[in-house]
Amino acid sequence: MDRLPDWCTALPDAEQMRSIDAWAIERQGTPSLQLMERAGQGVAAALEAAFPDGPVAVVCGKGNNGGDGLVVARLLRERGRSVSVIGIADAQQMSADAQANLARLDGDAMQRLDSPEAQSALRHASVIVDALLGTGFTGAPRGAVADAIELICALGAPVVSVDVPSGVDASCGEVEGVTVSAHVTVTFHCAKPGLWIHPGKACAGEVQVIDIGIPRGAPMQARAGLIEPGALEALPRRDAGSTKFSSGHVLVVGGSRGLTGAPRMSAEAAMRAGAGYVTACVPDSLQVVLATGGRPEMMTRPLPEVDGALSATAARDVIEAAERGGAVALGPGMGRAPHAFELARDLALRLPLPLVVDADALGAHAQMLPALSVREAPCVLTPHAGELARLLGVDSDQVQSRRLRHVRQAARLAKAVVVLKGDDTLVAEPGGMVAVSRGGSPALATAGTGDVLAGVIAALLAQGLAAFQAAAAGVLMHARAGRIAASETGCAEGVIATDVIAALPRARGADA
């Protein structure tokens with residue numbers, strides 16, 4: 001994929017933002033001091049709106065982020081606020097634009113962080129402006145910067161961060177050392193990936209994007225973007241000529257003794273997401289459980305089993321059922337019996353239909369992602385962090401701390417779309433393009449919602465969407481359904497997966 005789809009809002013990384021700034025300054029003639037002034041105006045306005053009273057401490061680094069902070073300090077003083085300006089270095093060590101704004105600052109000179117005056121100002125501040133490190137920062141803060149961050153964290157006052165919380169890698173959200181935990185982050189021109197991807201997302205608080213006057217037409221080759229409602233616009237709508245098969249045929253392959261709920265929920269979710277015909281392919285001894293306890297609209301097909309789990313010999317039956325076309329959700333409730341794993345690997349290679357690999361079928365491919373790269377039909381993998389760690393043969397903590405790089409690695413190895421689930425669900429395609437969910441659906445933190453998502457994505461694949469858009473649209477619909485279910489239930493904590501399934505039709509609607 002060469003460019004972000006129209007249904008994504010670009011999240012440029014640090015290098016791309018440097019190119020945009022250089023284009024505005026060098027090619028379009030926009031003065032850098034003018035950009036800094038507008039950045040400071042935006043931060044000052046956001047601070048005044050969120051924290052209208054009390055003294056302010058602005059903590060400035062040596063670069064242009066510190067220069068933005070100096071503009072904030074001047075503007076707040078002009079509005080009558082009590083503002084202390086604290087630096088981690090001498091004025092002559094600051095960038096040229098920062099020095100120019102220091103010269104424009106009325107009132108007391110900038111105080112050094114280690115001075116008694118600065119320490120007192122920080123202790124008495126009602127809000128602190130973090131203007132230490134900008135979008136170009138990577139690695140772990142050190143020296144005076146680390147000292148300043150640790151002090152800000154220890155004080156516990158509300159923090160407004162300038163462009164990115166200091167200590168967060170703006171390009172990917174990675175955090176390698178101490179970091180500021182902001183209440184509000186005011187970022188410029190565009191949000192950055194690190195503000196929406198954990199662990200950086202957890203440090204950013206409320207993200208506000210402001211226009212600083214970069215002219216239209218700026219070069220934009222972002223490789224990550226926020227999923228927007230437009231992802232759902234391509235979803236097909238039924239008309240008078242539609243049939244149950246033209247509306248999308250989904251096979252759900254899974255289930256084992258004690259795990260009959262998972263394939264049932266995937267199947268019901270596929271129906272609620274628009275599939276016209278859904279069949280749950282389950283172990284023979286469990287068919288009656290699903291047929292009598294599930295939706296009457298759901299078809300069931302018994303498959304050969306061994307001790308309550310699918311047998312490797314079931315592949316022939318599934319491939320026969322797949323002749324009607326559509327898409328397959330493989331793995332919900334399948335269990336971890338060796339013969340079930342063998343079946344999952346066999347079907348992943350042989351099924352000619354678009355495929356969602358979920359749950360135990362992911363476990364069957366631990367450290368075997370390249371085996372999936374030979375598939376010709378589209379493939380979507382839907383792991384959480386622990387499952388992705390097993391797929392890659394790394395520790396789950398490594399995945400959580402470097403989510404963007406690991407989801408890209410998995411998509412490249414499998415030559416498939418990979419959906420790394422979480423509040424910041426990431427949808428990666430093999431070329432490295434990543435769509436990021438805004439999240440905000442804590443109701444989804446309950447058993448079975450992953451099975452629901454697998455069914456939703458399978459339904460969208462069966463309705464003809466390309467894998468990347470089907471996965472992103474499914475993630476968006478799933479998150480919306482979680483919010484709707486929480487609203488109707490009264491609280492996120494009371495939501496169960498079947499509530500989310502019931503909300504899917506409204507989540508699919510254009511006005512949800």
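Computed from backbone phi with θ = phi - 60° and the Karplus coefficients 6.51, -1.76 and 1.60, the 3J(HN,Hα) list for segment 109-116 is 5, 5, 9, 6, 3, 8, 7, x Hz; x is used for glycine and proline.
For segment 355-512, the alpha-carbon coordinates run over 43, 35, 25 Å along the three principal axes, in decreasing order. From most to least packed by mean Cβ count within 10 Å, the peptides 490-502, 127-139 give 127-139, 490-502.
Rounded to the nearest 10 degrees, the angle from helix 32-50 to the longest Cα principal axis of the chain is 70 degrees. Restricting to segment 244-473, what percent of DSSP beta bridges are antiparallel, rounded to 5? Antiparallel bridges make up about 30 percent of those DSSP assigns within segment 244-473. Starting from the Cα of ASP147, step 7 Å toward the Cβ, then list every residue of segment 86-115 with an amide N under 18 Å from that point. Under 18 Å, as judged by backbone N against the label point of ASP147, lie 86-94, 110-115 of segment 86-115. Distance from the C-alpha centroid of segment 13-53 to that of segment 282-341: 56 Å, rounded to the whole angstrom.
Mind checking the alpha-carbon convex hull of the chain and giving the volume per residue in Å³? Working shown, then result.
On the way: hull volume 76.9 nm³, N = 512.
Cα convex hull per residue, to the nearest whole number: 150 Å³.
Protection proxy ranking, highest mean first, for peptides 11-18, 475-482, 245-252: 475-482, 245-252, 11-18, where packing is the per-residue count of other beta-carbon atoms within 10 Å, averaged. For a paramagnetic label modelled on GLU493 (point 7 Å from Cα along Cα→Cβ), amide N atoms under 16 Å away belong, within segment 438-452, to 442-447.
Cut-off is 10 Å between beta-carbons; in what order do ASP358, ASP239 appear when sorted fewest neighbours first? Don't skip to the answer; put the middle values down first.
Numbers: ASP358 30, ASP239 7.
The most exposed by this proxy come first: ASP239, ASP358.
To the nearest 20 debye, what charge dipole does the chain have about its Cα centre, counting +1 at the Cβ of each Lys and Arg and -1 at the Cβ of each Asp and Glu?
Working: 44 positive and 53 negative charges, 184 e Å.
My answer is approximately 880 debye.
Distance between the modelled labels on ALA50 and LYS244, one decimal in nanometres: 5.3 nm (7 Å Cα→Cβ projection).
With 0.36 nm allotted per residue and the present C-alpha distance subtracted, the GLN92-ARG112 stretch has 5.9 nm of extension available. Packing, as the average of other Cβ atoms within 10 Å across residues, places the peptides 344-351, 197-204 in the order 197-204, 344-351, highest first.
Values in this text are rule-based calculations from the coordinates and carry no lab data. All values derive from a computational prediction rather than experimental measurement. Every residue, glycine among them, receives a Cβ derived from its backbone with ideal geometry; neighbour counts consider all protein chains shown.
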